[in-house]
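Please read the structure below before turning to the comments.
The values are calculated or read from the model by the stated rules, or taken from the named source; none is laboratory data. Small disclaimer: the values here were computed from a predicted structure and weren't measured. FYI the Cβ positions are ideal-geometry reconstructions off the backbone, even for glycines, and counts take in every protein chain you see.
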Amino acid sequence: MRRPMKAALLAVTVLVPAACAPNPIIARDPIPAPGPDQAYRCRSRPIVLNLYDTGCEPVLREQDVVVRSKG
């Protein structure tokens with residue numbers, strides 16, 4: 001009786017981690033995407049031990065200019 005219980009316990013121990021998804025599904029936030037007139041200016045600078053300090057600030061995007069000429 002002891003040997004079959006040990007085999008069953010070993011099988012469960014091996015199969016339990018395999019039952020979990022390797023890439024879990026992450027829910028997205030219901031925040032809409034930014035408009036075409038909004039942009040972000042980001043900066044990053046290195047600090048000790050290969051770490052980076054980053055920061056982004058929203059800025060208004062400049063209007064696109066189309067130059068047309070006859071020629």
Query - Residue within the range 58-68 that is part of a strand (DSSP E or B), modelled with pLDDT under 85, loosely packed, with under 10 Cβ neighbours inside 10 Å and not small (Gly, Ala, Ser) present - result: yes
Query raised in the report: When LEU49 is evaluated against the numbered criteria (1) at pLDDT below 80; (2) aliphatic (A, V, I, L, M); (3) surrounded by fewer than 10 Cβ atoms within 10 Å (Cβ to Cβ), which criterion, by number, is the only one it fails?
Result: (1)
Requested in this report: Go through the range 29-46 and count every residue that is surrounded by 10 or more Cβ atoms within 10 Å (Cβ to Cβ) and among the hydrophobic types (A, V, I, L, M, F, W, C).
Outcome: 1
